[in-house]
Amino acid sequence: MSFKEHLRSVLSSYFIIATLINAATFVLGELFRPEERFGYDAFLSPLIYAAIALIPMLCMYSKKELTMKQFVFRELLQLVSIEVILIGFGLGAQCLNPENLPLTASFALSILVIFVLVHLFSWLLDIKLAKQLNSDLKIFQSRFSGG
């Protein structure tokens, strides 16, 4: 995969990530701080968090085809780095306070769920694209094979 294709893949994940961050923010907000209300500037936070989550994804680019073991290791490293970056950015040193541990754990769990869902949605979109390409290829081949 070229870097341009990798960049396109990562950028397409951005919108899935931002949408899922909105949902997670709603759920965590309702659970931990239901009395708080925000202004319009709060609409920027999911976009910023999604952009920050893309940094490890962009850094994990590889020109060569990875073995399954290398791929799994890279994905785990990516998940851990996203967790550390987003928890550090979102909660800062407050994440270590004992009264904030439930929020920190929930935040980390929501990052894990979003990570898994982004990969699941990307996989489903790739399957759809592969089926379409195979269908188009069959049509193309039937035109030029004695028919």
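The values are calculated or read from the model by the stated rules, or taken from the named source; none is laboratory data. Treat the numbers as computed from the prediction; the structure is a model and nothing was measured. Using ideal geometry, Cβ is built from the backbone for each residue, glycine included, and neighbour counts are taken over all protein chains shown. Side chains are part of the model used for accessible areas, which takes the heavy atoms of the whole protein and leaves out ligands, DNA and RNA. Shrake-Rupley method; radii C 1.70, N 1.55, O 1.52, S 1.80 Å.
General observations
- When residues of the range 1-46 are limited to those that are in a loop (DSSP other than H, G, I, E, B) and in contact with a Gly (Cβ under 9 Å, 6 or more places away or on another chain), the one surrounded by the most Cβ atoms within 10 Å (Cβ to Cβ): PHE38
- If you check SER106, SER122, SER110, SER145 for being without any contact (Cβ under 8 Å) to a residue 40 or more places away in the chain and polar (S, T, N, Q), only one passes: SER145.
- Residue ID - least open to solvent (accessible area, probe 1.4 Å), chosen from residues in the range 47-86 that are of a type in the set (Phe, Trp, Tyr) and in a helix (DSSP H, G or I): TYR49
- Contact map, the range 22-43: first residue among the polar types (S, T, N, Q), second residue surrounded by 10 or more Cβ atoms within 10 Å (Cβ to Cβ) and assigned to a helix (DSSP H, G or I), Cβ cut-off under 7 Å, separation 6 or more or different chains; pairs are ASN22/PRO46; THR25/PRO46.
- Single residue of the range 87-97 satisfying the filter (of a type outside the set (Val, Ile, Thr), in contact with a helix residue (DSSP H, G or I) (Cβ under 7 Å, 6 or more places away or on another chain) and open to solvent by less than 70 Å² (accessible area, probe 1.4 Å)) that is farthest from ALA51 (Cα to Cα): CYS95
- Check on ASN100, more than 20 Å from the chain's Cα centre (by Cα), surrounded by 13 or more Cβ atoms within 10 Å (Cβ to Cβ) and free of Cβ contacts under 8 Å to residues at least 12 places away in the same chain: yes
- Entry remark, the range 109-121: residues being farther than 19 Å from LEU11 by Cα and buried (at least 16 other Cβ atoms within 10 Å of the Cβ) number 1 in total.
- Pairs, first touching a residue at least 12 places away in the same chain (Cβ under 8 Å) in the range 54-80, second basic (Lys, Arg) and open to solvent by less than 60 Å² (accessible area, probe 1.4 Å), C-beta under 7 Å, six or more apart: MET60/ARG74
- Cβ pairs under 8 Å, 6+ apart, first in the range 125-141 and part of a helix (DSSP H, G or I), second among the hydroxyl-bearing types (Ser, Thr, Tyr): LEU125/SER12
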